[in-house]
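Below: the structure, in structure tokens.
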Amino acid sequence: MSIECLLTGKVIEAVKECYGAEVDAKSVQLQPTRKEFAGDLTVVVFPFTRLSRKSPEDTGRELGEYLKGHIEEVRDYNVVKGFLNIEISSAYWLGKLNEVAREPHYGYAAAPSGHTYMIEYSSPNTNKPLHLGHIRNILLGWSVSEIQKANGHRVMRVNLVNDRGIHICKSMVAWKKFSGGATPESTGMKGDHLVGDYYVKFDKEYKAQTKQLMEEQGLSEEEAKKQAPILLEAQEMLRKWEAGEEETVALWRMMNDWVLEGFDETYERMGVGFDKVYFESQTYKKGRDLVLKGLADGVLYRKETGSVWADLTGDGLDHKLLLRDDGTSVYMTQDIGTAYERFNEFDMDEMIYVVGNEQNYHFQVLSLVCGKLGFPWAEKIKHLSYGMVELPEGKMKSREGTVVDADDLMQSMIDTARETSQELGKLEGYSEAEAEEVYRKVALGALKYFILKVDPKKTMLFNPKESIDFNGNTGPFIQYTYARIRSVLRKAAENGAKLQEADLYIGISAKEQDLIKSVAKLPDVVQEAGATYSPALLANYAYDLAKEFNQFYHDFSILKEEDGALKNFRLLLARVCAEALKNAMGMLGIEMPERM
């Protein structure tokens, strides 16, 4: 039984014994004791003063005396106004240390929860390579999946590739007009980079044609944009693709294959993956069929121009387009079809979409429209909304080619990790291959941690140089702390040390006890991170624990400690700190090097 549960039960018992009143567990408010006061846990006394008919201070003292007399783990107490601060004995915390040390997978749920989650992330368009914005999406999706698994849930990781639509046709038109038949093989480029270059070329030509129409024909900018020949070509290509025109479909398949192969290389390098990949080209027709059925059932309506809409004014929103005048689908249509297929295929408790906050309206509408179409799973649709990633130079724009490419970013991080490590001289004696593996782990650890330590809801500023610093709230700092602990444990093993359970009655310092308390928090942090879909909680837990361990390491001798029982305790404490750091960082997708 946890100390929190034990205290709660005994407070209920104390109130009954002292004041003859029955209270439930909800009345017992427990919280960590504030750092400026002595104690581990604090009981809020105010709810019980109406029963005691005494001052908060007197009530606190009476309850404190009862708890101290009936719980052997309570060493002492003090009362500050209406707060009863409970000091837990060091024997309890030493017992907790032994308990943690016995856990084979500390921080992970011991049994399955019975709940199933599907988590969709990445969801790229096949007209450009993955960039920094995708990185935040992918890392959030992967980490949230790992955290839900750690909480005992079954998780299906899925990707929806947006491989159709006008944006895809823009790249296709530009490739036909300007490439001269260039391929990844002929250019030596990754396929996603090659196709992305033609998306940028389309935009430049589109702007040039728009300007020309405005100057030569006196059209307004809005009219010129609609009449630009290259846009009309892309629109015609989309119609041909939806009609299944053979040449257009063959071009589409070839260019999509280039991009998908490039994506797979990037995912592998990032250390992420999926249980299933869906393609919009395979699901949008099902969405269109469902929309047409909703139209026939009178749930949706058609305008005179032929387009199909949902009236959401009764839900506080507006009217939402589902099929265009020419009958082609919009994003909402394919999302309806994809959701339908997923819920028919899997029995899920939640379908979580990891998508930026600019799509908040979209997912609000998706749930409402699916509900109007009569699907009972509509309320299981959840949107993990996150803020955008910005650079010191400002926002990124794919059409203008001003994005930070994911592959380039990862390589530059590895190069920086290599330079930093070589300057510190920490990998002497490693082979080149071993050193490169450490550089990779440090670089990706820096990138992932810097992205994930920020609350998902917040817009974040990404600074590559700051992220790879070996000091401060960074991934490399935590990795270095872990490597330091592993070095200590290796040296202890070389000297013949064999770790045993800690003696419950040795004298330990307040700092050592606080470090045990920090390790013991991990399961609660994992649960909260799962409930709030926030990897940032685990990231900052790992940083706080690493920082606290380093203070302990500075103040106390481990290998040179002469008292055998105390030395064993400190080695055991170091080991569980390393395990907690490794497991917390592992849920963020971050590998921990044994040496740095």
**Asked** Does at least one position in segment 213-224 carry a residue that is surrounded by 14 or more Cβ atoms within 10 Å (Cβ to Cβ) and touching a residue at least 60 places away in the same chain (Cβ under 8 Å)?
**Response** no
**Request:** Take Ala250 and decide whether it is in a helix (DSSP H, G or I), small (Gly, Ala, Ser) and touching a helix residue (DSSP H, G or I) at 6+ places or on another chain (Cβ under 6 Å).
**Result:** no
**Prompt:** Do we have Leu499 as surrounded by fewer than 15 Cβ atoms within 10 Å (Cβ to Cβ), over 30 Å from the mean Cα position of the chain (by Cα), among the hydrophobic types (A, V, I, L, M, F, W, C) and not in a helix (DSSP H, G or I) here?
**Reply:** no
**Request:** List every residue pair whose Cβ atoms sit under 6 Å apart, with the two residues 6 or more apart in sequence or on different chains, where the first one lies in segment 199-212 and is on the phi > 0 side of the Ramachandran plot and the second, anywhere, is assigned to a helix (DSSP H, G or I) and surrounded by fewer than 21 Cβ atoms within 10 Å (Cβ to Cβ).
**Result:** none
**Asked** Ile3 fails exactly one of the following numbered conditions: (1) open to solvent by less than 40 Å² (accessible area, probe 1.4 Å); (2) touching a Leu at 6+ places or on another chain (Cβ under 6 Å); (3) hydrophobic (A, V, I, L, M, F, W, C). What is the number of that condition?
**Response** (2)
**Asked** Considering segment 287-343 alone, what residues qualify as being touching a residue at least 12 places away in the same chain (Cβ under 8 Å), in a strand (DSSP E or B) and open to solvent by 40 Å² or more (accessible area, probe 1.4 Å)?
**Response** Trp309, Lys320, Leu321
**Fill in**
Glu245 vs (1) open to solvent by 40 Å² or more (accessible area, probe 1.4 Å); (2) modelled with pLDDT under 95: all pass except (2)
**Message:** Here's a check for you: in segment 56-75, which residue that is open to solvent by 40 Å² or more (accessible area, probe 1.4 Å) and touching a helix residue (DSSP H, G or I) at 6+ places or on another chain (Cβ under 7 Å) is nearest to Val15 (Cα to Cα)?
**Reply:** Glu62
**Request:** Just name the residue that is nearest to Leu522 (Cα to Cα) out of those in segment 48-104 that are of a type in the set (Phe, Trp, Tyr) and in a helix (DSSP H, G or I).
**Result:** Trp93
**Prompt:** Considering segment 147-162 alone, what residues qualify as being in contact with a strand residue (DSSP E or B) (Cβ under 8 Å, 6 or more places away or on another chain) and open to solvent by 10 Å² or more (accessible area, probe 1.4 Å)?
**Reply:** Lys149, His153, Arg154, Val155, Met156, Arg157, Asn162
**Message:** Being among the acidic types (Asp, Glu), farther than 24 Å from Leu409 by Cβ and exposed (fewer than 13 other Cβ atoms within 10 Å of the Cβ) is the filter here; which residues of segment 248-277 pass it?
**Reply:** Asp275
**Message:** Tell me whether segment 332-355 contains one or more residues that are under 24 Å from Pro129 (Cβ atoms), more than 21 Å from the chain's Cα centre (by Cα) and among the β-branched types (Val, Ile, Thr).
**Reply:** yes
**Asked** For Ala433, which of the numbered conditions (1) under 21 Å from the mean Cα position of the chain (by Cα); (2) small (Gly, Ala, Ser); (3) open to solvent by 50 Å² or more (accessible area, probe 1.4 Å) fails to hold?
**Response** (1)
**Item:** Breaking point among (1) in contact with a Leu (Cβ under 6 Å, 6 or more places away or on another chain); (2) buried (at least 18 other Cβ atoms within 10 Å of the Cβ), for Ala91
**Value:** (2)
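The values are calculated or read from the model by the stated rules, or taken from the named source; none is laboratory data. Since this is a predicted model, take the numbers as computed values, not measurements. Don't worry about glycine lacking a Cβ; one is built from the backbone with ideal geometry, like all the others, and counts go over all protein chains shown. Surface areas here come from the heavy atoms of the whole protein model, side chains and all, with no ligands, DNA or RNA. Shrake-Rupley method; radii C 1.70, N 1.55, O 1.52, S 1.80 Å.
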